Structures are given as C-alpha cells and as structure tokens.
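Down below is the structure, laid out as structure tokens.
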Amino acid sequence: MGAEVDHVSPMGMSGGSAEGNDKSEGQRFSCKNKLTALVVDNGGVCRAIQTALLRSYGVETEAVETGEAAVQLIASGATFNLIIIEMLLPVLNGPETARQIRAMGAQSKILGITAFFDERHQQEFLAAGADGFIEKPLSPEIVIPIIWELDNYM
Amino acid sequence: MDRNHLKRQVDFMKRSFLDQGYLDEQFIQLEELQDDDNPNFVEEIVTLFFNDSARLLQNIEQALVSGPIDFPSLDNYMHQFKGSSSSIGAKRVKNECTRFKEYCTAGNAEGCLRTFVQVKQEHAILKTKLETYFQLAKQAGPSGTSGGQIR
C-alpha cells in the first residue's frame with residue numbers, strides 16, 4: 001500500500017495480534033496507560049478518521065487544522081505522546097511544523113503522513129525531526145504497533 | 001422479508017463493492033469504528049467526503065480550464081482529494097488520482113484533462129453506489145452495516 005515507516009518494527013505482542021480490531025475475537029486493542037495524540041491535517045475527512053481510529057484504541061486525541069495551531073497548542077504547554085502531521089499543510093507545512101515542535105523540546109513521537117508517498121518529502125520530514133513517514137490511510141497495521149510501543153515503554 | 005434478509009442484502013452489496021474494487025479494506029476499517037456511541041459514523045464520514053470532494057473537484061476543474069495550467073495548485077488539490085479518497089477506502093477513485101498525479105507531475109495538460117474525466121466518473125459512480133448502500137442499511141435497521149462481519 002506504499003506505507004513507509006522508518007523506525008517502527010512491529011513488536012511481538014503477547015496479548016493479541018495486530019489484527020486486534022477484529023470484533024469477532026471479542027476484543028479491540030486498547031492501550032493500558034493514558035496516551036495522548038494530536039492530529040494535524042487540513043482535510044476534515046482525514047482529521048475525523050484519524051482521530052476516530054486513535055480514540056478507538058483508547059488514545060485521547062485532539063485534532064487541529066493547521067501547523068500553526070499545532071505549534072501554538074504545544075507552546076501553550078500541551079504535550080502529546082504521538083503527533084501525526086500531514087505533509088502539505090498550507091502556510092506552515094508538515095516538516096516545518098515538526099521542526100518547530102521539536103525546537104520547543106517536545107519528545108513526542110512524530111509521524112509524517114501524506115497522500116502520495118515521495119522520498120523527498122520523507123527526507124524533509126525526517127530531517128525536521130519526525131520519527132516516521134507514511135502514506136494515507138492511517139491503518140491499524142501502522143498505528144497499533146506505535147501505540148503498543150508508546151504504551152509499554154513510557 | 002425480515003430484517004435478516006435486508007442485512008444479508010446489505011452485506012452482499014458491500015461484498016460486491018469490495019470484489020469489484022470500488023472499495024477496499026479501509027472502508028471495513030471505518031465500519032469497525034462504528035459503535036453505539038457513533039452509530040452513523042461511516043455514513044457521516046462518507047457524506048463529509050462527498051461534500052468536501054465536490055468542492056475540491058470544482059477547484060481542479062477551474063484550474064484545468066482557466067488559462068495556463070497552474071500545476072502546483074492542481075497538485076495541491078489532488079493531494080487533498082487523494083488523501084481523503086484513500087482514507088474512506090475509495091479504491092477506484094484513488095487509482096484515478098494516482099494516474100492524474102503522474103500527468104500533473106509531468107506537466108502534461110492533455111493527460112490531466114483526460115484523467116480528470118475518469119476521476120469525476122469514478123467519484124460519481126461511487127457516490128450513487130454508497131447512497132443506495134446507506135439507504136438499504138437504514139431499512140435493515142440499527143447496525144444494518146455491522147462492522148467486522150465481512151472479511
């Protein structure tokens with residue numbers, strides 16, 4: 001599907017599988033600790049879907065439309081375990097947003113996300129301090145290992 | 001003709017959309033997110049998608065017909081359109097977006113115009129199919145589109 005994640009190696013999960021969202025197994029994967037996430041995307045559909053997906057795993061999730069709003073939120077003291085940032089944001093683009101967030105000392109896991117995977121964009125994001133870069137859609141296969149890792153290595 | 005029969009029809013319709021490539025696994029993921037707290041999540045998201053995408057398609061259309069083509073703008077609109085299309089599992093629409101992007105990147109106006117016709121067509125077809133699907137699902141009653149049952 002063109003999903004490119006640089007750092008994540010799905011860890012062996014004792015309690016279930018990456019397909020833990022299969023309701024017929026009776027259990028949806030859920031994090032045990034309080035985890036927080038921020039979605040930064042100028043598209044309403046993507047914002048809504050990514051937010052719903054993260055929340056379904058028990059992650060308290062907020063969403064903003066612009067890089068500037070994300071930077072302001074963090075400047076005001078908000079912290080997030082995970083920040084997902086769209087590449088092509090107007091004004092402050094994805095990598096620049098990531099750069100400014102890192103410059104404020106945020107230790108969050110930052111994931112760049114895009115509609116069309118592009119190596120240049122990947123390099124830009126990683127150089128700006130992002131931990132990974134993937135192509136939409138944000139899927140359980142990608143996000144469950146990330147949440148699991150955050151949950152178990154807090 | 002009971003509710004179970006309608007539910008089976010709904011499931012059958014969804015399976016055919018998947019088999020024919022109109023939708024992909026991502027749509028199933030959206031249905032997994034539907035629950036008692038969010039009983040109409042998928043329909044709401046899909047409605048939002050068709051509202052948003054109508055605007056984006058109009059922007060693309062404008063950019064294609066007015067004067068010398070601004071390829072970076074086209075690229076931007078298509079980026080957002082493809083992002084949301086892939087996020088709802090609109091597989092055929094997404095594939096046409098990818099074709100469009102190739103022409104756009106190459107600065108090929110003719111190719112963009114041609115492919116855009118396909119993009120609009122697939123978009124319109126999917127809209128009709130999903131409208132029918134949700135209508136049928138409503139008739140089937142609450143959780144007519146039960147997530148996770150079609151694999």
Within region B:35-44, is there a residue that is touching a residue at least 12 places away in the same chain (Cβ under 8 Å) and within 19 Å of B:L18 (Cβ to Cβ)?
yes
Counting just the residues of region A:41-57 that are more than 18 Å from B:S53 (Cβ to Cβ) and in contact (Cβ under 8 Å) with a residue 40 or more places away in the chain, which one comes out nearest to the other protein chains (Cβ to nearest Cβ)?
A:L53
Going by the conditions given, is A:L126 modelled with pLDDT of 95 or more, within 13 Å of another protein chain (Cβ to nearest Cβ) and more than 23 Å from B:F27 (Cα to Cα)?
no
Being without any contact (Cβ under 8 Å) to a residue 24 or more places away in the chain, farther than 30 Å from B:N95 by Cα and more than 12 Å from the chain's Cα centre (by Cα), is that true of even one residue in region A:129-136?
no
Given the criteria open to solvent by 70 Å² or more (accessible area, probe 1.4 Å), free of Cβ contacts under 8 Å to residues at least 40 places away in the same chain and either more than 13 Å from every other protein chain (Cβ to nearest Cβ) or more than 22 Å from A:G94 (Cβ to Cβ) (or both), does B:P68 qualify?
yes
With respect to B:N76, determine if the residue is without any contact (Cβ under 8 Å) to a residue 12 or more places away in the chain, within 20 Å of A:F116 (Cβ to Cβ) and open to solvent by 70 Å² or more (accessible area, probe 1.4 Å).
yes
Single match in A:T114, A:T97 (criterion: within 14 Å of chain B (Cβ to nearest Cβ), of a type in the set (S, T, Y) and closer than 20 Å to A:R47 by Cβ)
A:T114
Among the residues of region B:4-38, write down those that are more than 28 Å from B:T115 (Cα to Cα) and more than 12 Å from chain A (Cβ to nearest Cβ).
B:N4, B:H5, B:L6, B:K7, B:R8, B:Q9, B:V10, B:D11, B:F12, B:D36
Reported set for region B:39-55 where residues are touching a Ser or Thr at 6+ places or on another chain (Cβ under 9 Å) and within 9 Å of another protein chain (Cβ to nearest Cβ) is B:I45, B:L48, B:F49, B:D52, B:S53
Assess whether A:E65 counts as being open to solvent by 30 Å² or more (accessible area, probe 1.4 Å), on the phi < 0 side of the Ramachandran plot, within 14 Å of another protein chain (Cβ to nearest Cβ) and of a type outside the set (V, I, T).
yes
Say we look at region B:81-119 and pick out the residues that are among the aromatic types (F, W, Y) and farther than 23 Å from A:S139 by Cα; which of these is nearest to the other protein chains (Cβ to nearest Cβ)?
B:F100
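The values are calculated or read from the model by the stated rules, or taken from the named source; none is laboratory data. Small disclaimer: the values here were computed from a predicted structure and weren't measured. Glycine also receives a Cβ, built like all others from the backbone with ideal geometry; neighbour counts cover every protein chain displayed. Heavy atoms of the whole protein, side chains included, go into the accessibility calculation; ligands, DNA and RNA do not. Shrake-Rupley method; radii C 1.70, N 1.55, O 1.52, S 1.80 Å.
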